[in-house]
């Protein structure tokens, strides 16, 4: 699946906007920019919250604009298949 994700988000770039840590929680906000297989641009902001205990990541929560991401990938109408998943 990792190879398919790389094919889907061509030329992906991550721009880290915020990294903040307090106690056992780390928050990372970043912007993913890429080109979709149909040539359209994809730009979406993500926020990851990591819970760390004893030097290990114990939990990860991810937040993003799912509706905005959906519209960029599939448009406003019915979904279409952009690539063939292996």
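The values are calculated or read from the model by the stated rules, or taken from the named source; none is laboratory data. None of these values were measured; they are calculated from a predicted model. Heads up, the Cβs are rebuilt from the backbone with ideal geometry, glycines too, and the neighbour counts pull from every protein chain shown.
Starting from the stretch 53-72, keep only residues that are assigned to a loop (DSSP other than H, G, I, E, B), then list their pairs with residues that are surrounded by 10 or more Cβ atoms within 10 Å (Cβ to Cβ) whose Cβ atoms are within a distance under 8 Å, requiring at least 6 positions of separation or different chains.
Here the result reads 65/44; 65/45, each pair linking the stretch 53-72 to a residue that is surrounded by 10 or more Cβ atoms within 10 Å (Cβ to Cβ).
Within the stretch 46-84, restricting attention to residues that are over 19 Å from the mean Cα position of the chain (by Cα) and at positive phi, which residue is modelled with the lowest pLDDT?
55
Filter the stretch 26-38 down to residues that are touching a strand residue (DSSP E or B) at 6+ places or on another chain (Cβ under 9 Å) and not in a strand (DSSP E or B) and give me whichever is surrounded by the fewest Cβ atoms within 10 Å (Cβ to Cβ).
The extreme case among them is 37.
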